[in-house]
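Bear in mind these aren't lab numbers, they're just calculated from the coordinates by the rules spelled out. Worth saying up front: this structure is predicted, and the values here are computed from it rather than measured. Please note: Cβ atoms are built from the backbone with ideal geometry, for glycine as well, and neighbour counts cover all protein chains shown.
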Amino acid sequence: MTTTQAAPQQTRSATTPASFSPRMEILGRPLERSGEILTPGALQFLTELHDRFASKRHERLADRQRRRYEIGNGRDPKFREDTRSIREDANWHVAGAGPGLEDRRVEITGPTDPKMTINAMNSGARVWLADQEDATSPTWQNVIGGQLSLFDAIRDQLSFTSPEGKEYRVTAERTPTIVMRPRGWHLVEKHLRFVDARGQAGAASGSLVDFGLYAFHNARELVERGRGPYFYIAKLESSEEAKLWDDIFTFTEQTLGLDHGTIRATVLIETLPAAFEMEEILYVMRDHIAGLNAGRWDYIFSIIKNYRGRGARFVLPDRSEVTMTVPFMRAYTELLVKTCHKRGAHAIGGMSAFIPNRRDPEVTARAEEKVRADKHREANDGFDGTWVAHPDLIPVAQAEFDAVLGDRPNQLERQRDDVHVTAADLLNVHIGRDITEAGVRDNVSIGLRYIEAWLRGLGAVAIDNLMEDAATAEISRSQIWQWIHQDQSTAEGTRITREWVAEVMQETLVSFERFEGDRYEDAAELFADVALGDDFPTFLTVPAYSRYLVDA
């Protein structure tokens, strides 16, 4: 466990009332040191966030549903006419990097448990994406434990001893700048119940809980240490959703006594609708935004989700064939770099899924080769930094960015005036490759193994020498669903039906090495629901969370 420390001092009197009205109720079980995070002041701050922004969150989610319905019924997304003036006005720029974010050439991503937090802080990366979203299974323990890990790491007081007795401590002289990623708007936190002013109760917003607890406890401490409260914002689909976050940032700064613009966000462009509103997102968050990130795996999932019922011409082949050089991915990333540099924002590349294996030099060499090529392309396309998921890949990625950047912290001065991306380019999903039986079996195997681990509380899982998280699992199950409903067949001639995939699932389950406490039966039940059912859940994590991760 992490070392026990004194409870944090509450320095924001405006958020620490003399008598706390418990409209944010704790339903989760008490955890070690959870009282240091779920303080009266923090709960009051969460209450104020929900009072002001919970209803707007619901409005934005309703907008998402409407947009998906329109795309599903034949109305393609396009660049907005009502915001054309924003795109054509060359005179505005964003706030850009805050202290500690000037050079982001290599960022490491990962969950926030104590061991992974220490590994990230010792990694040598410039930035750590402290992930409470796709790389974290949102068990109550992980939600609160992640906040404790961050609290301790920021104050240089984090240590961890493994069950085997191995001790972990932060030893690096220079630690990465922390950028925390809260859960997306679609997720709830059912271990906290918000009671509004009218007495109506419901689950708290996962986004507001993750953001609110981190900002409340750490914002001032980070500023005093020469960094700042920085956030990766996930799953946005519109500039209206971005404006909601910007309003939350402004309210938080006012409430916690921070200067306007202290908070900095990096927005992941990982949904198809957001790709059509990059400039608008930058504009509405211009006082608080540092850059955009090309969230490649969720972006592929978004393409499949939005066009799953639009006919065979929108069917993608095996996941392994959907690379960063296919037309729609190339268009999306080039547009992102051009848009960011036009407005003074960082463009951050995505994560190659290949990871090394310290016990297998051949696997490691192959992973390094793939990552090197990926980062070479990103650096030469104009990206200012990139992601890796494993510390051993930091030197590989950094070498490619060093070769382009030299001593410069970024390449914001590089304007991509040669890039001209149309709506048709963003929707050009024709790849000309096949669906293979191996591709079907890989999706089933990856989906089952990832979900099984997720149900045990693991959000980032190494499977077949690839780093899988919730986004890659979404691709696996959504491709199966689309292939079935679009009456596809494999290159070998096998028709992809529910019945055949169910047989593949059983064959795959039998092939797994079982162990005490595994969750394969639950994983199979969930995978069947989200991949083989008539309905298509917008996110597999929504039913999975409610069914399996909420404490009774």
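Observations on the model:
- Taking amide H as placed 1.01 Å from N in the peptide plane, the amide H of Ser489 sits under 5 Å from that of Ile496, each at least 5 places away or on another chain.
- Taking segment 26-425 and dividing mean pair separation by its residue count, relative contact order in percent (alpha carbons under 8 Å, at least six apart): 20 percent
- In nm, spacing of pseudo-spin labels at Asn357 and Ala423 (7 Å Cα→C-beta vector): 4.7 nm
- Signed unit charges on C-beta, dipole axis of segment 32-115, positive-most listed residue Ala97, Thr47, Ala62: Ala62
- Of the trypsin sites (Lys or Arg not before Pro) in segment 128-183, those whose Cβ has at most 10 other Cβ within 10 Å and which sit in DSSP loop: Lys166, Arg174
- Helical mean residue ellipticity (222 nm; -39500 (n - 2.57) per DSSP H run of 4+; nearest 500) of the chain: -14000 deg cm²/dmol
- For a straight C-alpha distance cut-off of 23 angstrom, the lysines reachable from Lys166 (same-chain residues fewer than eight places away being disregarded) are Lys115.
- For the chain, share of DSSP beta bridges that run antiparallel, in % to the nearest 5: 35 percent
- Span-rule helices in the chain, defined as complete DSSP H runs reaching 24 Å or more along the axis (Cα) with Kyte mean at least 0.0: 206-224, 437-455
- Cα radius of gyration and Dmax for the chain (Å): 22.5, 71
- Reachable lysines from Lys235, criterion Cα separation under 26 angstrom, eight or more residues apart if same chain: Lys56, Lys78, Lys190, Lys243, Lys305, Lys338, Lys342, Lys375
- Overall dimensions of segment 398-548 as given by Cα atoms, namely Rg and Dmax in Å: 19.6, 58
- For Ala95, neighbours were defined as the other residues whose beta-carbon sits under 9 Å from its Cβ, and their charges (Lys and Arg +1, Asp and Glu -1) total +1.
- Segment 273-361 - Debye-derived log10 I(q)/I(0), Cα point model, q = 0.15 Å⁻¹: -0.68
- Global form of segment 100-218, assessed from the alpha-carbon gyration tensor, a/c cut-off 1.5: prolate
- Hydrodynamic radius of segment 216-321 per Kirkwood, over alpha carbon pairs, in Å: 15.3 Å
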